[in-house]
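Chemist: First the structure, which I've put down as structure tokens, then a few questions once you've had a look.
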Amino acid sequence: MIGSNAPHLNFQILLVSLSSEGVNAGMTPKDSYPISRRRFLAASSTMALAGSLAHAPHEAAEIPSTPKLALHGGEKAVKKSARLPLRWGEPERERLNAMLGQESLLYWKGPQTALLLDRFRKICPVKYAMNCSSGTAALHIAVAAAGIGPGDEVITAPITDIGTVIGVIYQQGVPVFADLGANTYNLDVRDVERRITPKTKAIIAVHLAGNPCDLAALKAVADRQKLVLIEDCAQAWGTNYQGQPIGTVGHIACFSLQNSKHVTCGDGGIVGANDERFGPLLQRFGDKGFDREKGGLFECFATNYRMSEPQAAVAAAQLDRLEGIVSKRARLGDLLTAQISGLAGLQPHRVASGDRCSYWFYMFRLQPSAFRCDRAEFVKALSAEGVPASAGYIPVPLHRNPVFLKHGFFNGRWPLRESGLTSMDYTKVECPEAEAILRTGIRVTIHEAMTEELILSVAEGIRKVARHYAA
Ligand SMILES: *Cc1c(COP(=O)(O)O)cnc(C)c1O
């Protein structure tokens, strides 16, 4: 990487300057952490590139007066805009053409579905897999297969797509929201434990932005309490937890192929499991309760979440692109972290060392007291610099949405609560860290068509704005 990007730079000199001031300089003891080999490499390649640009971070830190913000008429930090990723083309066309030659487009025994599931198993090695109509459907199938029934509680994260809990509510279960880690934005395992009751049956671990949850800790809690651990991998295609493919630690893994995800067929999903208790049920719960191996009578009640062959054709082609997409995103996100670590009042997106994150988005947090402006002003200044930034993520944690506050899931009513099967009152749920994350987070777009050079200029824009407004 270094060689190809900056062949003229002397790596030895680079290492010296990096270790003496580049990475640790400017970090408060609280912020500093031992850098991993991967971070070190990310940082050193950064320095290699930065050497050919004007402002290496350690140099900029010594400039006393900050350059004029683009917001105030100064020069923009990001001069080139990113080209958009080319998301589909010949491989998808090839699969669609093959699909059009088929006599049937039903998933069952469909060659596109077979290919999709085959490729899926290479990414997420599971014995049982069912392709379905959405990530929401995958999660509903998982919850149904896990045996969630009336009044059963399912602990999950309040910052996620509502699709994480839709299936829980349709199965007459009760989503219980636990608080999040301040910088990972994923479930805080100790808070999960605090919210366990005799009614708790499952945990849905959402790998937000493709950042793997602390799965070892969650699995230990699930095993100890005999809970089903479901992984919501909708934003985590292609990521790794401590070297293991995402979706293989929990009992059931759910993926989305919706248009906004980094691999897609417009709408679609896949649910997979190794566990013999749940795996064989996945097909049935996505296929109207049919057991197509046996046929005949319906033993269980379910809806139709089937994926058809045209979607499977596109999705199969997309999975072939996954490694290229995620390795690039992971590298760019880690690079941004290396570049903005140690800035006073700014907390980067924290990914555990040894994990690979897809950075479905990148989000850093502001410590409000460290700046002379509010978040809106900060984002405005970033946008003026050409940084693709926006405030927060979803407007409020899930339980602060009107449908939760009114307990109005079924035509304005919630029979479960009316009948006393749950006493859940969403107006009383408190997840202070989740609220704070949404109030202070700034999201930065990262995608696979961006270059390392562009990320360096994005980081330069962030540093420039942070220094300008530093309290
Ligand atoms: C997108 C998403 C879902 C839902 O997937 P759909 O395919 O849109 O139904 C669920 N959870 C998370 C974390 C998501 O990002």
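Chemist: Identify, among Thr136, Gln283, Pro111, the residue whose Cα sits farthest towards the positive end of the charge dipole of region 90-321, taking +1 on the Cβ of Lys and Arg and -1 on the Cβ of Asp and Glu, with the dipole about the Cα centre.
Modeler: Among Thr136, Gln283, Pro111, the one farthest towards the positive end of the dipole of region 90-321 is Gln283.
Chemist: Expressed as a rounded percentage, what relative contact order does region 90-321 have, with Cα pairs under 8 Å and six or more residues apart?
Modeler: 27
Chemist: Could you grab the relative contact order for the chain? Cα pairs under 8 Å, six or more apart, rounded to a whole percent.
Modeler: It comes to 21 percent, rounded to a whole number.
Chemist: Between Lys288 and Ser390, what is the label-point separation in nm under the 7 Å Cα-to-beta-carbon projection?
Modeler: My value for the distance between the label points is 3.8 nm.
Chemist: Given a Förster radius of 35 Å and the C-beta distance between Lys68 and Ile162 as r, what FRET efficiency does 1/(1 + (r/R0)^6) yield to the nearest 0.05?
Modeler: 0.25
Chemist: Work out which helices of the chain, taken as complete DSSP H runs, extend at least 20 Å along their axis over the Cα atoms and score a mean Kyte-Doolittle of -1.0 or more, then list them.
Modeler: Correct list, ordered by number: 37-52, 309-340, 452-469.
Chemist: A further question follows. Quick one: net charge of His207's neighbours, Cβ under 13 Å, K/R +1, D/E -1?
Modeler: Charge balance near His207 sits at -3.
Chemist: If Leu322, Leu71, Leu84 are ordered by their accessible area, calculated over protein heavy atoms with a 1.4 Å probe, which sequence runs from highest to lowest?
Modeler: The most accessible residue leads, giving Leu84, Leu71, Leu322.
Chemist: Let me ask something else about it. Over region 90-321, with the other protein chains present, what is the accessible area per residue in square angstrom, probe 1.4 angstrom?
Modeler: 37
Chemist: Simple spin-label model, 7 Å along Cα-to-Cβ: Lys226 to Arg439 in nm?
Modeler: Label at Lys226, label at Arg439, 4.1 nm between them.
Chemist: Now a separate question. What's the magnitude of the charge dipole for the chain around its Cα centre, counting Lys and Arg as +1 and Asp and Glu as -1 at the beta-carbon? Answer in Debye, nearest 20.
Modeler: Dipole of the chain, to the nearest 20 debye: 280 debye.
Chemist: If you don't mind, another one. Per-residue ellipticity at 222 nm for the chain, helices alone: DSSP H runs ≥ 4 residues times -39500 (n - 2.57), over residue total, nearest 500 deg cm²/dmol?
Modeler: -11000 deg cm²/dmol
Chemist: Another question, if that's okay. What whole-number distance in Å separates the alpha-carbon centres of region 359-386 and region 228-264?
Modeler: 29
Chemist: Express in nm, to one decimal, how much length is gained between Asn304 and Gln102 on full extension, taking 0.36 nm for each residue of separation and deducting their alpha carbon distance.
Modeler: Going from the current span to full extension adds 70.5 nm.
Chemist: Order 276-287, 360-371, 142-153 from most to least packed using the mean count of other Cβ atoms within 10 Å.
Modeler: Packing proxy ranking, top to bottom: 142-153, 276-287, 360-371.
The values are calculated or read from the model by the stated rules, or taken from the named source; none is laboratory data. Just so it is clear, the model here is predicted, and its values are computed rather than measured. FYI the Cβ positions are ideal-geometry reconstructions off the backbone, even for glycines, and counts take in every protein chain you see. We work out accessible area using only protein heavy atoms, side chains counted, and drop any ligands, DNA or RNA first. Shrake-Rupley method; radii C 1.70, N 1.55, O 1.52, S 1.80 Å.
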